[in-house]
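Heads up: the structure comes next, in structure tokens.
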Amino acid sequence: MLRPRKKLTKREIKKDPFLEKLAKLEAFVRGHSKVVSYVALGVVAAVVIIVLVVNSKQRASREASGELGLAELAIARKDYDDAIVRLMGIVDKYRGTKSASIAVLLLGQCYMYKADYDNALSYYTMYMDKYKNDKFLTATAYNGIGICKEAQGDYKEAAKFYNLAAVESPYRFQKHEYLLNYAEMLLATGDVQEARNVVDNVLEDKVEYSIKERAEILVGKIKASR
């Protein structure tokens, strides 16, 4: 004889946890529709702000690149005062862009061309402190500091920064140039043997004709100094 089936209580029914959470969520949404609406609006607003910021940065970057091109044309025609005004405007107006970091380096270069080494050093140092976001540009800044130090007669400091430039440089042609600058300062400070070692290392590498010619002239100077 079949026994009547026992009626299951709510406690005995095995519940699906996902469906249970879904039901609770639905109940919450119904009971707090205003709060949910505000949260949704907040998310939408955040997305809109992010899009606007990205678009603004892209627009600023394009504008900065255009103004940087005008400054570079001024440098090409040796109108350094005009270039300085333009470059300062880029640094002030477009902070945080790649163009602003390049503008800082070009300001150092302009002042260097004007033989204003103190101002040149201040901008090269500014690049190192605030940007330093690209190996090629960082090597350029180190080399610029080296040139200024050499012009001021501080050959030991010049040698240090030329060496840093060579170490930092990601490109062979740039590295060779900076190594020869370094060798010249070693020779100027009396470290003849190390200067010869540096030049020999450059010549052992694959070098462009202009670098090879400069290195061979430097070898002649080293031999003459002994």
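A short reminder: the numbers here are calculations on the coordinates, not readings from a lab. For clarity, every value in this text was computed on a predicted model and none was experimentally measured. Here the Cβ positions follow ideal geometry from the backbone for every residue, glycine too, while neighbour counts run over all protein chains shown.
Its relative contact order, with pairs defined as Cα atoms under 8 Å and 6+ residues apart, puts segment 134-226 at 23 percent. In a solvent-free Debye calculation with one equal scatterer on each Cα, what is log10 I(q)/I(0) for segment 134-226 at q = 0.15 Å⁻¹, listed in the order of the q values? Scattering profile of segment 134-226, log10 relative to I(0): -0.51.
Is there a pair in LYS93/LYS130; LYS175/LYS206; LYS135/LYS175; LYS114/LYS149; LYS78/LYS212 whose C-alpha atoms are over 20 Å apart, and which pairs would that be?
Table pairs above 20 Å Cα-Cα are LYS78/LYS212.
Which residues in segment 161-188 place their backbone N less than 12 Å from a point set 7 Å from the Cα of LYS206 along the Cα-to-Cβ direction? Under 12 Å, as judged by backbone N against the label point of LYS206, lie 172-173 of segment 161-188. Relative to the compact-globule estimate of 2.2 N^0.38 Å, the Cα radius of gyration of segment 93-168 comes out at 1.03.
Residues in segment 75-85 carry Karplus couplings, in order, of 5, 4, 8, 6, 8, 5, 5, 5, 4, 4, 4 Hz; the curve used is 6.51 cos²θ - 1.76 cosθ + 1.60 with θ = phi - 60°, and Gly or Pro positions show x. Ordered by the number of other Cβ atoms lying within 10 Å of each residue's own Cβ, fewest first, GLU63, GLU216, GLU177 fall into the sequence GLU216, GLU63, GLU177.
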